[in-house]
1. How much accessible area per residue does the chain have, in Å², with a 1.4 Å probe?
2. Carbon-plus-sulfur fraction of the accessible area of region 60-123, 1.4 Å probe, in percent?
3. Can you tell me the relative contact order of region 116-176? Whole percent, Cα pairs under 8 Å, sequence separation 6 or more.
4. Tell me the carbon and sulfur percent of the accessible area for region 177-245, rounded to whole percent, probe radius 1.4 Å.
5. What number, in percent, do you get for the relative contact order of the chain if the mean sequence gap of Cα pairs under 8 Å and at least 6 apart is divided by its residue count?
6. Here are several values of Cα extents along the principal axes in Å: [x] 52, 33, 28; [y] 91, 44, 36; [z] 71, 49, 30. Which one was derived from the coordinates shown?
7. Looking at region 1-134, what % of its DSSP beta bridges pair antiparallel, to the nearest 5?
8. May I ask you to derive the FRET efficiency for Asp150 and Ser5 from their Cβ-Cβ distance with R0 = 35 Å, giving the value to the nearest 0.05?
Amino acid sequence: AQIESVQFNNNGGIIQVDSGTLGIVGSGDKTFNGGSYIVSAGTILDLDIIIVSGFITGTVQGELQWGSSIVVPESATFDFDGNGEINWLSGFLTGGGVLTNAGTINLVGTSGVSIANATALNNAGILNIGGTIFNDISITGDSQLINLTDGFIDFQADCILISGTSGTITNSGLIRRTSSTGESGLSFVNLDNTGGTIQVESGTFSFTQGNPKSFTGGTINVFSGATFDIDSPSPLSGTIDGQVD
């Protein structure tokens, strides 16, 4: 079933998928101002271009997926529970505002996603990066990916996080490299590691290209058999500790 090619405003209401797939897609603004989203096991809530604000919550036992752009003009928070999957497949996070992730979001697409137009993604939950292409995320136009103290970014596949020179990642939480044995890492993107942890558990995690990757304190852990490869300007200050096996 679909709500397609019509303006749709969900002003704090409930969207509930009990069977099959519900698509909210097509032309016409699709605005989600708060609300609760309930996706039962074995079902899919498929969202296209959506404009979000406020506190967006719910229980996902099936799959909630974004196949296109998320527009945040001011601020919004995603905070879902349940044993299902919240998958961002493609498109842009844009609008110039701030989206806070308080749950788990999986980047599992085959065409990459972008944070653009001075927009920020604040990660206070889990961000799993497991796509199958070289450029999984681009961060452009003075946009930011901010991994907060409780945030967790997990590189689970062989991919590179790339941006234009104006994109920045700030890490006060945990960025780790897991799962596969190939290479993943940060390329054309600025990194400010402000007391956060970089942890390489398998494969190779690389800092490449000319954008600086700076450390103000923090922790670096490299597991046995893994490699942390720093091949970019890396200004250092404070005490940097960790365990290198």
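The values are calculated or read from the model by the stated rules, or taken from the named source; none is laboratory data. Here the structure is a predicted model, which is why all the values come from computation and not from measurement. All Cβ positions, glycine included, derive from the backbone under ideal geometry; neighbour counts span all protein chains shown. Each accessible area value is taken on the protein alone, full model and side chains, heavy atoms only, with ligands, DNA and RNA left out. Shrake-Rupley method; radii C 1.70, N 1.55, O 1.52, S 1.80 Å.
1. I get 40 Å² per residue for the chain.
2. The computed percentage sits at 44.
3. About 40 percent, as a whole number.
4. The nonpolar share, carbon plus sulfur, comes to 48 percent.
5. Reported as a whole number, the value is 9 percent.
6. Computed from the coordinates, Cα extents along the principal axes in Å corresponds to [x].
7. 0 percent
8. That pair, Asp150 with Ser5, gives E of 0.30.
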